[in-house]
Amino acid sequence: MKKSLEEHAERFSEHAADYDESQDSPEYRAAADLVVGHADAGSDETVLDLGTGTGAIALPLAESAGRVIGRDISEGMLDRARGKAAERGVENVAFGEGRFRDPNVPEDADVDVVTSNFAMHHLGDDEKREAIAEIAALEPRRFVLGDVLFFGEPDPDDPFYSPEVDDPATVGVLADAFTDTGFAVTAVEMVSDQVGVLVGDRIEDRPGIEDPEGEP
Ligand SMILES: C[S@@+](CC[C@H](N)C(=O)[O-])C[C@H]1O[C@@H](n2cnc3c(N)ncnc32)[C@H](O)[C@@H]1O
């Protein structure tokens with residue numbers, strides 16, 4: 001991690017008021033839409049959105065999911081998310097403090113789907129692996145990660161990220177972390193050479209190949 005958690009939290013809180021307007025790139029929009037689409041959360045399901053920010057993923061997910069838990073380290077971003085939920089009358093979403101490696105999931109929550117968009121690249125690669133292991137320990141049926149990540153060698157003259165604060169991984173590092181923690185990588189969406197979406201389905205929840213109805 002190139003900055004401490006506190007530095008990241010402070011930086012995002014300072015920009016919370018204009019964050020939504022600043023996220024207008026086609027790559028960001030495409031990744032956000034893909035994350036929401038792949039989450040495919042049902043009305044009886046609980047979604048945990050990590051690095052939820054101002055609720056760009058959590059709020060649309062709340063339209064179909066039964067319950068959405070948004071977690072972030074920035075109180076400024078969380079306040080904004082809460083304000084938007086209140087304005088829109090969304091009642092099945094709760095925003096609160098939580099971090100990738102300590103998501104602070106309420107005791108009564110059984111998480112079915114974990115999502116995260118444009119947030120994990122703030123962690124170093126070892127920290128990403130730890131975070132993905134933490135997510136796997138919640139035993140969701142699916143983990144959908146949209147982020148700045150490298151499909152090849154990024155053009156040093158055209159970085160989609162800020163090298164001084166961001167630490168994107170290669171798609172290979174992330175895919176290995178998924179499989180090492182019990183997720184089958186079931187989709188990889190390449191939005192650009194520096195933005196993508198990975199979908200991991202928990203292997204234990206996938207139907208057997210010989211019996212697609214799910215019998216072991
Ligand atoms: C670029 S914003 C993305 C917000 C939102 N997911 C979206 O798609 O617009 C990144 C967010 O990740 C949060 N963040 C950074 N490091 C984090 C960590 N270790 N745990 C939880 N949230 C973190 C920041 O506070 C910020 O709100």
If I filter segment 150-157 for residues that are surrounded by fewer than 18 Cβ atoms within 10 Å (Cβ to Cβ), within 12 Å of the ligand (Cβ to nearest atom) and either under 16 Å from the mean Cα position of the chain (by Cα) or in contact (Cβ under 8 Å) with a residue 40 or more places away in the chain (or both), do I get at least one hit? no
So VAL165, is it surrounded by 15 or more Cβ atoms within 10 Å (Cβ to Cβ), out of contact with any strand residue (DSSP E or B) (no Cβ under 6 Å at 6 or more places or on another chain) and in a loop (DSSP other than H, G, I, E, B): no
Of everything in segment 12-29, what is of a type in the set (D, E, K, R) and open to solvent by less than 70 Å² (accessible area, probe 1.4 Å)? Give them in sequence order. ASP20, GLU27
Would you confirm whether or not segment 66-84 contains a residue that is in contact with an Asp or Glu (Cβ under 9 Å, 6 or more places away or on another chain) and under 14 Å from VAL144 (Cβ atoms)? yes
Within segment 124-146, restricting to residues that are assigned to a loop (DSSP other than H, G, I, E, B) and farther than 21 Å from GLY55 by Cβ, the one that is least open to solvent (accessible area, probe 1.4 Å) is GLY124
List, please: which pairs have Cβ atoms under 6 Å, are six or more places apart or on different chains, and start with a residue in segment 179-190 that is in contact (Cβ under 8 Å) with a residue 40 or more places away in the chain and end with one that is open to solvent by 70 Å² or more (accessible area, probe 1.4 Å) and among the aliphatic types (A, V, I, L, M)? GLY182/ILE203
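The values are calculated or read from the model by the stated rules, or taken from the named source; none is laboratory data. Nothing here was measured: the structure is a model prediction, and the numbers come from that model. Positions of Cβ are backbone-derived with ideal geometry, glycine not excepted, and every protein chain shown enters the neighbour counts. Heavy atoms of the whole protein, side chains included, go into the accessibility calculation; ligands, DNA and RNA do not. Shrake-Rupley method; radii C 1.70, N 1.55, O 1.52, S 1.80 Å.
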